Every structure is written in structure tokens, then in C-alpha cells.
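The values are calculated or read from the model by the stated rules, or taken from the named source; none is laboratory data. Just so it is clear, the structure is predicted and the values come from calculations on it, not from any experiment. Heads up, the Cβs are rebuilt from the backbone with ideal geometry, glycines too, and the neighbour counts pull from every protein chain shown.
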């Protein structure tokens with residue numbers, strides 16, 4: 001059974017799908033979630049706090065999907081190019097599905113979305129894996145002031161997840177070189193979010209070819 005917090009975020013997301021954020025009322029979100037307005041304010045402090053938590057959750061879901069796409073492709077024996085293509089496919093799908101994800105990826109906010117969507121907070125480094133990790137983990141209580149990662153932080157997040165998935169396949173390459181290739185691939189993927197290719201398949205082929213070429217050169 002979802003917590004009150006998750007129910008409120010679900011209700012806010014549904015409301016945002018129906019009307020601009022400026023027209024979304026806190027009392028309506030609380031009623032839709034089946035909780036009191038006081039509970040909503042206890043969780044998020046303000047409408048801006050709710051917007052930031054909602055955008056953060058969407059970003060977390062997106063990043064988990066990137067990692068899952070990479071891992072699934074790797075489990076099926078895909079090479080580095082096809083692994084990254086899987087992450088690209090997920091990114092393009094997510095950007096179309098969720099205006100919040102698209103705004104977080106590009107830093108561009110439409111008038112329908114809350115301003116808090118494009119505000120960033122520092123991303124914390126995991127002391128165990130060396131990767132970046134968001135300051136919020138799913139299921140944890142997010143402070144009202146928390147915001148989604150900025151586009152620059154998302155590039156770092158996606159790059160580090162890709163490096164983690166691909167590094168063992170290229171033991172002769174320096175991690176910095178793998179990271180550089182992955183970052184270039186992320187930035188090409190984001191270019192396809194902003195200016196879509198003829199098809200997602202075409203975009204994925206371009207990214208796969210880029211990754212294979214860069215890693216083959218050993219830069």
C-alpha cells in the first residue's frame with residue numbers, strides 16, 4: 001500500500017497532466033490522495049516543496065531506468081554500443097512520457113511546469129562505488145527544499161552508470177577514457193531529445209556507432 005507521501009506525489013502528477021501547475025491547488029491534491037491538507041504540508045511544507053519532490057522522484061525513476069536498460073542489455077550479451085543504445089532508447093521514451101523528465105534533462109521549462117523543475121542541487125558521491133548518487137533515495141523522506149538534479153548533474157549521473165556497466169568489457173582502457181566516451185554519447189543522446197532524429201531507432205544507431213568508434217580507438 002502506498003504511503004501518504006507517494007499518494008500525494010501520484011495525485012500531484014495526475015493533476016499536472018490535466019492542467020498547468022499554476023492551476024493545481026494543494027487542497028485538490030490532498031483530496032485526490034485521500035489525506036488531509038495538513039498532512040500534505042507536513043510532508044512538503046509548500047507547493048514548491050511538492051513540485052521539487054515530484055520532479056526529484058521523476059528523475060530518480062528515470063535514472064533507475066537508465067541503469068536497468070544498461071544491465072538488461074548487458075545480460076543479453078550486447079556490446080558497448082548496443083548497451084548504450086538501450087539507455088538512449090529509455091531516455092528518449094522517458095523524455096516523451098514525462099514533461100518533468102524532459103525539463104530536467106534539457107533545463108527548458110514550459111509554462112505548464114513548476115519553476116522548481118529546473119533547479120538543481122549538488123549530487124552526492126557514493127563513498128562505496130565512486131559513482132555519483134542523488135541526494136535522495138527512493139523511499140526516503142525528501143526535505144521540502146530538495147530539487148531535481150540539474151542537466152549537468154544528470155549527464156554525470158548517466159555517464160557514471162554507463163561506465164559502471166561497460167568498464168569490465170574494456171580492461172585495457174583507462175576509466176577516464178571510457179568515461180569520456182560515455183559522456184560524449186550522453187550529450188549526443190540529449191541532442192536527440194532536443195532535436196529528434198527521424199526515429200528512435202536511427203538515434204540509437206548513431207549513439208551505438210559513436211560508442212563503438214570511440215572505444216575502438218582507445219581514446
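Exactly one of (1) surrounded by fewer than 20 Cβ atoms within 10 Å (Cβ to Cβ); (2) outside the structural domain of residue 158 (by TED's automatic domain parsing); (3) closer than 29 Å to residue 191 by Cα; (4) in contact with a helix residue (DSSP H, G or I) (Cβ under 8 Å, 6 or more places away or on another chain) is unmet by residue 108. Its number?
(2)
Can you spot a residue in the stretch 175-195 that is under 20 Å from residue 61 (Cα atoms), at pLDDT below 95 and touching a helix residue (DSSP H, G or I) at 6+ places or on another chain (Cβ under 9 Å)?
So far as the stretch 175-195 goes, no, none of its residues is under 20 Å from residue 61 (Cα atoms), at pLDDT below 95 and touching a helix residue (DSSP H, G or I) at 6+ places or on another chain (Cβ under 9 Å).
Kindly evaluate residue 101 against the criterion of being in a helix (DSSP H, G or I) and closer than 20 Å to residue 11 by Cα.
Judged against the criteria, residue 101 is a match.
Does residue 57 count as over 26 Å from residue 202 (Cβ atoms), crowded, with 18+ Cβ neighbours inside 10 Å and within 12 Å of the chain's Cα centre (by Cα)?
The answer is yes for residue 57.
Of the residues 142, 137, only one is part of a loop (DSSP other than H, G, I, E, B), surrounded by 15 or more Cβ atoms within 10 Å (Cβ to Cβ) and modelled with pLDDT under 75; which?
Exactly one of 142, 137 is part of a loop (DSSP other than H, G, I, E, B), surrounded by 15 or more Cβ atoms within 10 Å (Cβ to Cβ) and modelled with pLDDT under 75, namely 142.
So, residue 64, is that one part of a helix (DSSP H, G or I) and either closer than 15 Å to residue 100 by Cα or not assigned by TED's automatic domain parsing to the domain that holds residue 205 (or both) or not?
The answer is no for residue 64.
If you take the residues in the stretch 104-119 that are in a helix (DSSP H, G or I) and over 10 Å from the mean Cα position of the chain (by Cα), which one is modelled with the lowest pLDDT?
118
Suppose we filter 70, 9 for residues that are at pLDDT 95 or above, assigned by TED's automatic domain parsing to the domain that holds residue 189 and not in a loop (DSSP other than H, G, I, E, B); which single one remains?
So the residue among 70, 9 that is at pLDDT 95 or above, assigned by TED's automatic domain parsing to the domain that holds residue 189 and not in a loop (DSSP other than H, G, I, E, B) is 70.
Quick one: count up the residues across the stretch 44-85 that are touching a helix residue (DSSP H, G or I) at 6+ places or on another chain (Cβ under 9 Å) and farther than 21 Å from residue 33 by Cα.
Total meeting the criteria: 22.
Provide a single number: the residues in the stretch 25-50 that are assigned to a loop (DSSP other than H, G, I, E, B) and at pLDDT 95 or above.
Residues in the stretch 25-50 being assigned to a loop (DSSP other than H, G, I, E, B) and at pLDDT 95 or above: 4 in total.
For the stretch 185-195, enumerate the residues that are surrounded by fewer than 16 Cβ atoms within 10 Å (Cβ to Cβ) and under 18 Å from the mean Cα position of the chain (by Cα).
Scanning the stretch 185-195 gives 187, 191, 194.
Quick grid of which residues meet (1) closer than 13 Å to residue 80 by Cβ; (2) outside the structural domain of residue 76 (by TED's automatic domain parsing); (3) part of a helix (DSSP H, G or I):
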{"position": "156", "(1), (2), (3)": "no, no, yes"}
{"position": "162", "(1), (2), (3)": "yes, no, yes"}
{"position": "172", "(1), (2), (3)": "no, no, no"}
{"position": "196", "(1), (2), (3)": "no, no, no"}
{"position": "206", "(1), (2), (3)": "no, no, yes"}
